[in-house]
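The values are calculated or read from the model by the stated rules, or taken from the named source; none is laboratory data. What you see is a predicted model, and the numbers here were worked out from it, not measured in a lab. Cβ atoms come from the backbone with ideal geometry, glycine included; neighbour counts cover every protein chain shown. Just so you know, the surface numbers come from the protein's heavy atoms only, side chains and all, with ligands and any DNA or RNA stripped out. Shrake-Rupley method; radii C 1.70, N 1.55, O 1.52, S 1.80 Å.
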Amino acid sequence: MKNSSVVGSIVEPYAQALMAIAKQNDLADRFGDDTRLLLELWNSSDELRSFLGNPLIQAEAKKGVLRQLAQDQTDSYIQRFLFLLVDRGRIQFLDGVCKSYLALLRQMKQIVLAEVTSAVELTDSERSAIVDRTKAMTGANSVELQTQIDPDLIGGVVIKVGSQVIDASLRGQLRRIGLALSNAS
């Protein structure tokens, strides 16, 4: 496991540099879209992560793969940024750089990230209700939902906004009932 302070000291400067380029060229939102795409590619392919993270593979081979993946889908600044990460031996930190960039973008635009875990796929009205509740709770201008499904919750949702967690899941309710009963004995 990588030391998180070491990773942060590597990831943050790259994310900040990317944000500086984005602001300078009025491309912050475009870079946000591009970094979301890169995160999706990174997280969906063990082979890609393994290939790019392998120190025995030449930089030009890594750049060739990145060129094929990103050429028509990302801004040329992002492509050059990816090549810079390869040249500096930092491409294995791509997910962290992208996540940090998105955090900087949300901060700039006063958007709050709500990580929502539910037992089943949320309906549009449920998503809207979560957004409204999160806006009221945080006073944010806008809310970005990041959803995932966990059937172990049985029902309900768990919402995480920053360090605050709201557990409205059936599993959480059962756990709280169990604790209350064990304390009553």
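The condition of being hydroxyl-bearing (Ser, Thr, Tyr) and open to solvent by 80 Å² or more (accessible area, probe 1.4 Å) holds for only one of 76, 9, 44, that being 44.
Working carefully through the options 140, 114, 168, 180, find the one that is in a helix (DSSP H, G or I), more than 16 Å from residue 34 (Cα to Cα) and out of contact with any Pro (no Cβ under 6 Å at 6 or more places or on another chain). Break it down into steps so the answer makes sense when it comes.
Working: 140 fails: in a helix (DSSP H, G or I); 114 fails: in a helix (DSSP H, G or I); 168 fails: in a helix (DSSP H, G or I).
Among 140, 114, 168, 180, only 180 is in a helix (DSSP H, G or I), more than 16 Å from residue 34 (Cα to Cα) and out of contact with any Pro (no Cβ under 6 Å at 6 or more places or on another chain).
Kindly provide the set of residues from segment 170-185 that are open to solvent by 80 Å² or more (accessible area, probe 1.4 Å), in contact (Cβ under 8 Å) with a residue 12 or more places away in the chain and of a type in the set (A, V, I, L, M, F, W, C), ordered by number. Steps first, answer last, please.
We begin by selecting, within segment 170-185, every residue open to solvent by 80 Å² or more (accessible area, probe 1.4 Å); these are 171, 173-177, 179, 181, 183-185.
Among the residues that remain, those that are also in contact (Cβ under 8 Å) with a residue 12 or more places away in the chain are: 171, 173-174.
Passing the criteria: only 174.
Note on segment 141-159: residues that are out of contact with any Leu (no Cβ under 9 Å at 6 or more places or on another chain) and in contact (Cβ under 8 Å) with a residue 40 or more places away in the chain total 2. Going by what's in this entry, would residue 28 be described as touching a residue at least 12 places away in the same chain (Cβ under 8 Å) and either under 30 Å from residue 133 (Cβ atoms) or more than 14 Å from the chain's Cα centre (by Cα) (or both)? Here the answer is yes, as residue 28 does meet what is asked. Per this entry, residue 59 is counted among residues that are open to solvent by 30 Å² or more (accessible area, probe 1.4 Å), of a type in the set (A, V, I, L, M) and farther than 30 Å from residue 154 by Cα. For segment 95-107, the set of residues classified as open to solvent by 60 Å² or more (accessible area, probe 1.4 Å) and within 19 Å of residue 78 (Cα to Cα) consists of 99 only. For the residues 95, 75, the requirement of being within 21 Å of the chain's Cα centre (by Cα) and over 30 Å from residue 164 (Cα atoms) singles out 75.
Against the condition at pLDDT 90 or above, touching a Ser or Thr at 6+ places or on another chain (Cβ under 8 Å) and more than 30 Å from residue 16 (Cβ to Cβ), how does residue 102 come out, does it pass?
On the way: at pLDDT 90 or above: yes; touching a Ser or Thr at 6+ places or on another chain (Cβ under 8 Å): yes; more than 30 Å from residue 16 (Cβ to Cβ): no.
Criteria not met by residue 102.
Restricting attention to segment 135-156, the residues that are open to solvent by less than 80 Å² (accessible area, probe 1.4 Å), closer than 23 Å to residue 176 by Cα and under 18 Å from the mean Cα position of the chain (by Cα) total 1.
Taking the options 167, 132, 124, name whichever one is without any contact (Cβ under 8 Å) to a residue 12 or more places away in the chain, buried (at least 16 other Cβ atoms within 10 Å of the Cβ) and charged (D, E, K, R).
Values: 132 fails: buried (at least 16 other Cβ atoms within 10 Å of the Cβ); 124 fails: buried (at least 16 other Cβ atoms within 10 Å of the Cβ).
So the residue among 167, 132, 124 that is without any contact (Cβ under 8 Å) to a residue 12 or more places away in the chain, buried (at least 16 other Cβ atoms within 10 Å of the Cβ) and charged (D, E, K, R) is 167.
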